[in-house]
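The structure appears right after this line, and notes come after that.
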Amino acid sequence: MSTRILETYENRPRYVKQICFIVGVILLITALSLPYVEFNGLVTNGFSIVNSIIQGMIAPNWDALLNFTKEGIPYLVFETVAIAFLGTFIGLVLSVPVAFLSSQNIVGRKFATIGTFMITVIRTFPPFVYGLMLIRVSGPGPFTGVLTLAITSIGMISKMFVEVIEDLDNGIIESLDAAGCNTLQKIRYGIIPQLMGNFASISIYRFEINVKNASILGLVGAGGIGAPLLFAMSGFRWADAGALLWGLILLVVAVEALSSWIRSKLG
């Protein structure tokens, strides 16, 4: 038995060439990237600013944390959650038809290419860029944040939905074809019931991302906790900045804990 094991071990597949090639490619890309990233050192008072931020988090402005008016941090936190939820919901609703119209096993390769191209175009721009564009259209405020997150959510959710749809067993679709079902009937009665679990999990995951994106969008005036945080740091109000950071930390932890619990129930 030991001899056979040794022979099997000696005859094992060796991927030395492949590993060396991959490592070489990574080193080459790293070498080509270094000239574009210059490190000019820290600013003069960089360490003092870091120390001030830490001190602000150790001794935050408790009045702001416990202020339940529109000027308080709890209101900003709930506003951020509302922006993230509405943006995710709108993006989810719009992503479902886009995903089905981009799936080769539903509409065919040629037509699906058009939908895939649309998804790629949407995914090209980050949320911050959409926020800068949309703020010129709808003005500053939470509504701009909702529109921004809805558009960016379409790109990611649709792409992940397409992958789930195309992984379906083709036998199911062929059986529905044999029964004389049209495309809408195949989607409604044969496909959607099998996809609900994966769709829900993807949507919850996107909501987590949107909560963090909603915080960033506040920097461009799209509502949420981001703008007050920027103003607090720009004004060297470190106690207020610490309170806002604690509010953001508690928000992200709570959302991730809740989403993990929901996904565990779905699984």
Where Arg263 falls short, out of the listed (1) open to solvent by 60 Å² or more (accessible area, probe 1.4 Å); (2) more than 19 Å from Glu79 (Cα to Cα); (3) touching a Gly at 6+ places or on another chain (Cβ under 7 Å): (3)
Region 101-112 residues that are farther than 15 Å from Lys159 by Cα, paired with ones that are among the hydrophobic types (A, V, I, L, M, F, W, C) and open to solvent by 50 Å² or more (accessible area, probe 1.4 Å) (beta carbon under 9 Å, 6 or more apart): Val107/Leu101; Phe111/Leu101
Qualifying positions in region 113-142 - part of a helix (DSSP H, G or I), of a type in the set (Phe, Trp, Tyr) and either in contact (Cβ under 8 Å) with a residue 40 or more places away in the chain or within 16 Å of Gly87 (Cβ to Cβ) (or both): Phe128, Tyr130
Region 240-267 residues that are more than 20 Å from Glu71 (Cβ to Cβ) and of a type in the set (A, V, I, L, M, F, W, C), paired with ones that are open to solvent by 60 Å² or more (accessible area, probe 1.4 Å) and in a helix (DSSP H, G or I) (beta carbon under 7 Å, 6 or more apart): Val252/Lys212
Residues (small (Gly, Ala, Ser), within 14 Å of Ile225 (Cβ to Cβ) and in a helix (DSSP H, G or I)) located in region 45-80: Ala64
Members of region 187-229 that are open to solvent by 20 Å² or more (accessible area, probe 1.4 Å) and of a type in the set (S, T, N, Q): Gln194, Asn198, Ser201, Asn213
Residue match in region 172-184 (condition: at pLDDT below 75, farther than 30 Å from Leu250 by Cβ and outside any helix (DSSP H, G or I)): no
Spans of helices (runs of 4 or more DSSP H) in region 187-267 with at least 1 residues of a type in the set (D, E, K, R): 192-217, 238-266
Matching residues, region 83-112, being assigned to a helix (DSSP H, G or I) and among the hydroxyl-bearing types (Ser, Thr, Tyr): Thr88, Ser95
Filter pass, Ser33 being more than 30 Å from Ile173 (Cα to Cα), in a helix (DSSP H, G or I) and at pLDDT 85 or above: yes
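The values are calculated or read from the model by the stated rules, or taken from the named source; none is laboratory data. From a predicted model like this one, the values you see are computed outputs, not experimental measurements. Note that each Cβ is placed from the backbone with ideal geometry, even for glycine, and that neighbours are counted across all protein chains shown. Surface accessibility is based on the protein's heavy atoms, side chains included, excluding ligands, DNA and RNA. Shrake-Rupley method; radii C 1.70, N 1.55, O 1.52, S 1.80 Å.
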